[in-house]
Structure formats: structure tokens, C-alpha cells
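Notes to accompany the following structure.
Throughout, read-outs are computed from the coordinates displayed, never taken from laboratory work. Values in this document were obtained by computation on a predicted structure and should not be read as measured data. Quick reminder, even Gly has a Cβ in these numbers, built from the backbone with ideal geometry, and neighbours come from all protein chains shown.
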């Protein structure tokens, strides 16, 4: 029987944390099929359904080191696998997709895996419709009130074009068996495509609450960006107020989303050859689509907020003011205490210098 190294490597914003939670919670199922999912420092985060770098983060980090270190890691996990009666190891981390961008990394991994005793490497990677992926990535990176110029972020910091170009190059010449699938916001599809189609197991139970990473709306992020410039510090409290709201209590983000979508489509139209090449690796029913559900107009972005969202802003500002008052009061107590200690120390020094 072949000894296989399975690697799920992203890309980012394609449900990686959800799949890692499913891998951890279904170790027994994986074990019954001879698949070992090594433990990691973020074991608890994965099990609880929180955002995590996955158990493959150590492999990603060590790929920057010499080949002997990579062989040692791969060999140790393979030995652990065989001691439990398994012959396959599974790693998952979206950081690997970024790591593969570095020249020579894929070849280094291939050679180290062979030296460690693996017969082949099977890699799973998900891709997402361009508009959806860019918007989701931006929401994640701008949720603290940063990147207030969307067009500048899209042109200078949205690195997906370079990542895909590199993937198209190294995947073509590597000995790794690449499985490319389309990400869908559908837990059943994600579980079936990974567990059944790729790992050849059965379908595990999917939790009722399958959302790992809840995001803000674009209009909420824009509010945080404006407030962070004018009143830095308030954005942290308002963000928590926004996250506490249920989706049905929020206004549509349509106005700003239309504008951002137009920017994304223009950027992708300049890189359409990348999309066409990538679609050749996907099945006919999973082609990536650059089109949008929105009718794209030339109007500028506009914001609309519900009454609940406006109340969330008020609550956030109030919480910020109260925290500032508390901090000032604590600082005042601290300063008084320090001054009291100073006076006592000075008095004791004088007493020692001039004894009665």
C-alpha cells in the first residue's frame, strides 16, 4: 500500500478553518481510513470551531529551513502514523499556499517527502469566484478600520494574482497530484469534496453552527475606517457592537458593494488570462465566474445603515467614553499612590539624615 502525504493548502478565505474543525472532530473517521491528522498547538481552537492556522502551520514554517529539518518533521509524523496502524498523514494550513510562492519550496517539499518515506503527495486547493474572494479578503483585513482606500488596497495589497500565477507555474511542473475545487458557501459541498472525493472517506456529521469566521458588512467597515481617523480607539468598541447584531437587524450593503464590485471586475478584466488558465484545472460545473449579481453602475459608493446599526455606533461610543473615564480614574489613583510613596520615601530619608 502506498504511503501518502495529503496536504490541504487553502487558499485563504475558502473555508480552511471550517475544514480544520471537521478534521479534528472526525479523527476517528480519518483513522478508520488509515489517515493520521497530527496534533498541533492550536488543537483547541480547531476543535471549538475558531479561526486557526491548522496543523500544517509547522510544516509551512519549517519549509523556510534546510531540508534536513523538513525530513525530520515529516518522518516523525509518519512514524507516529505507522505506530497507530496508519500509512497516511494529513496536513492542513492555508499558509502553505503562500509558502509555495517562494521559489524552490515545492521542489524542496517533494524531495524531503520522498526522503522521509512518502510515495506520493496529494494536495487539495480551493478557489473562489473573484468578486466574492476579493470582498471577503478585504472584509477580513480591513475589519479593524485599516485600508480605507479600497482601490489602492486592491491594486497594491491584494496578492491573489501573483499567488495564482505562481501556482499555475509550479503545479504544471511538480510531481504533486493537485486537486482543484471551487469553494462554495455550502458546508455539504465542502465536506463532500474534501472527505469523500479527496480523502475517500464517508460524510461526517456537520455541526448546526458551521460558521467559523463571522465578518462585518462593508458599510460597517467603512464607518470604522472613518471613525478610526477622526476618533482613534472608538472603532474597537463599535466593531464589537456591530458583531453582536443579527444579520436581520442590518441594512443592505448594496451601495458600497456595487462600487467595490466594479473595481474588482475591472482589475480582473486586466488579468483575465489568469482566470482562463485556472478554469482549465476545474471541472465543467465548477468554473470560476467573474460576473456579479449586481448591476454595476458608475455611481460613487454610498452607505446605508439600519436603526440597529446606528444604535450600535452609539453604544460603542458610549462604551469607549466610559472606558476612557475608567482609565483616567485609574491613572489618577495610580498617580496619587506614586506621589504618596514618594512623599513617604522623602520623609524617611530626611528622618535618617537628621535623627532626633
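Determine the shape class of the range 1-75: with a ≥ b ≥ c the square roots of the Cα gyration tensor eigenvalues, call it rounded for a/c under 1.5, and otherwise prolate if a/b is greater than b/c, oblate otherwise.
Verdict is oblate for the range 1-75.
Express in whole angstrom the spacing between the alpha-carbon centres of the range 1-38 and the range 80-151.
12 Å
How do 8, 111, 36 rank when sorted from fewest to most other Cβ atoms within 10 Å of their own Cβ?
111, 36, 8
Cα gyration tensor of the range 160-233, axes a ≥ b ≥ c as square roots of the eigenvalues: rounded (a/c below 1.5), prolate (a/b > b/c) or oblate?
In terms of gyration-tensor shape, oblate.
Take the alpha carbon gyration tensor of the range 224-270, find the square roots of its eigenvalues, order them as a ≥ b ≥ c, and report rounded if a/c is under 1.5; if not, report prolate when a/b exceeds b/c, else oblate.
Oblate, since a/c reaches 1.5 and b/c is not below a/b.
Sort the following peptides by mean Cβ neighbour count (other Cβ atoms within 10 Å, averaged over residues), highest first: 276-283, 50-57.
By packing density, highest mean first, the sequence is 50-57, 276-283.
Using the number of other C-beta atoms within 10 angstrom as an exposure proxy, rank 191, 341, 106 with the fewest first.
Taking fewest neighbouring Cβ atoms as first place, the list is 341, 191, 106.
Under the definition of Cα pairs under 8 Å and six or more residues apart, what whole-number percent is the relative contact order of the chain?
Value for the chain: 19 percent.
Order these peptides, 119-126, 166-173, 323-330, 252-259, by their mean beta-carbon neighbour count within 10 angstrom, highest first.
So the order, starting with the most tightly packed, is 119-126, 252-259, 166-173, 323-330.
When the gyration tensor of the chain is built from Cα positions, what are the square roots of 5 times its three eigenvalues, in whole Å, from largest to smallest?
That gives 44, 32, 20 Å for the three semi-axes.
If you average over every viewing direction, what projected area does the convex hull of the Cα atoms of the range 1-136 give, in nm²?
Over all viewing directions, the range 1-136 projects a mean Cα-hull area of 8.3 nm².
How big is the antiparallel share of DSSP beta bridges in the chain, given as a percent to the nearest 5?
Restricted to the chain, the bridges split so that about 0 percent are antiparallel.
For 99, 342, 141, which order do you get if you count the other beta carbons within 10 Å of each Cβ and list the fewest first?
Ascending number of Cβ neighbours within 10 Å: 342, 141, 99.
Against the longest principal axis of the chain, how steep is helix 130-141, in degrees 0 to 90 to the nearest 10, with axes from Cα atoms?
That works out to roughly 30 degrees.
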